[in-house]
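Written below as structure tokens is the structure these notes are about.
The values are calculated or read from the model by the stated rules, or taken from the named source; none is laboratory data. Values in this document were obtained by computation on a predicted structure and should not be read as measured data. FYI the Cβ positions are ideal-geometry reconstructions off the backbone, even for glycines, and counts take in every protein chain you see.
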Amino acid sequence: MPDKKLKSTGITLDGTPIALRPLLPEDEPALQDLFAHMSREDVRLRFFTPMRELKHALAARLSHLDYSREMALVAQHDGMTLGVARYSADPDRRSAEFAVAVRSDWHGRGVGQLLMARLIEVAQQSGISELVGLGAAREQADAEDVPKAWLQHCAGAERRDRAPGSKIAGSRVVA
């Protein structure tokens, strides 16, 4: 089980207080609810494929973590799950892949920024020195693959544009 000291709070850009805490196995229904409140495009960008629902098998896998090399943080307000940020470390625990998902109706309020900032802190405390994220390209040709707004809030972050013809873009955060 994760350390209770990982719990924290934050304030969104519009002043809404949120709680940040580790994801627990009993949060599977909360993950399914989060998924249900994401647009199809947001789901495709997060999971690299269109999906209509978060089935039990995947929700169970996402909510049952090996805390020795994985961490997922949940952002909540008044019992509602607003987003999740997670990492999964390589066997050497120097680098980890990260992913973020935020309810579509909460975009632009800083939830992803708060989650990433806390995830970076937790990764640093665990000895991880690099977080690497991949993102599917947006359907609009001129849209950002990895939102600059939150990358600018991550110290040492860099965005890597996708190669011509590729549907994947990446970002690297030095934790």
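List of remarks:
- Meets criteria (in contact with a strand residue (DSSP E or B) (Cβ under 6 Å, 6 or more places away or on another chain), surrounded by 15 or more Cβ atoms within 10 Å (Cβ to Cβ) and not acidic (Asp, Glu)) for ALA117: no
- Of the strands (runs of 3 or more DSSP E) entirely within segment 42-114, those holding at least 3 residues that are at pLDDT 90 or above and either touching a Pro at 6+ places or on another chain (Cβ under 7 Å) or not small (Gly, Ala, Ser) (or both) occupy 70-77, 80-89.
- Put simply, of ALA141, ALA117, ALA155, ALA149 the only residue that is in a helix (DSSP H, G or I) and modelled with pLDDT under 65 is ALA149.
- Residue list for segment 8-27, restricted to those being touching a Lys or Arg at 6+ places or on another chain (Cβ under 8 Å) and either part of a helix (DSSP H, G or I) or exposed (fewer than 13 other Cβ atoms within 10 Å of the Cβ) (or both): LEU13, ASP14
- Residues of segment 74-91 classified as without any contact (Cβ under 8 Å) to a residue 40 or more places away in the chain and crowded, with 23+ Cβ neighbours inside 10 Å, total: 1
- Of all the numbered requirements in (1) in contact with a strand residue (DSSP E or B) (Cβ under 8 Å, 6 or more places away or on another chain); (2) surrounded by fewer than 17 Cβ atoms within 10 Å (Cβ to Cβ), GLN125 misses one, and that requirement is (1).
- ARG109 surrounded by 18 or more Cβ atoms within 10 Å (Cβ to Cβ), in contact with an Asp or Glu (Cβ under 9 Å, 6 or more places away or on another chain), closer than 18 Å to GLN32 by Cα and of a type in the set (D, E, K, R): no
- Some residue of segment 57-73 being touching a residue at least 60 places away in the same chain (Cβ under 8 Å) and closer than 24 Å to THR12 by Cβ: yes
- Residue in segment 106-118 that is in contact with a Lys or Arg (Cβ under 7 Å, 6 or more places away or on another chain) and in contact (Cβ under 8 Å) with a residue 24 or more places away in the chain present: no
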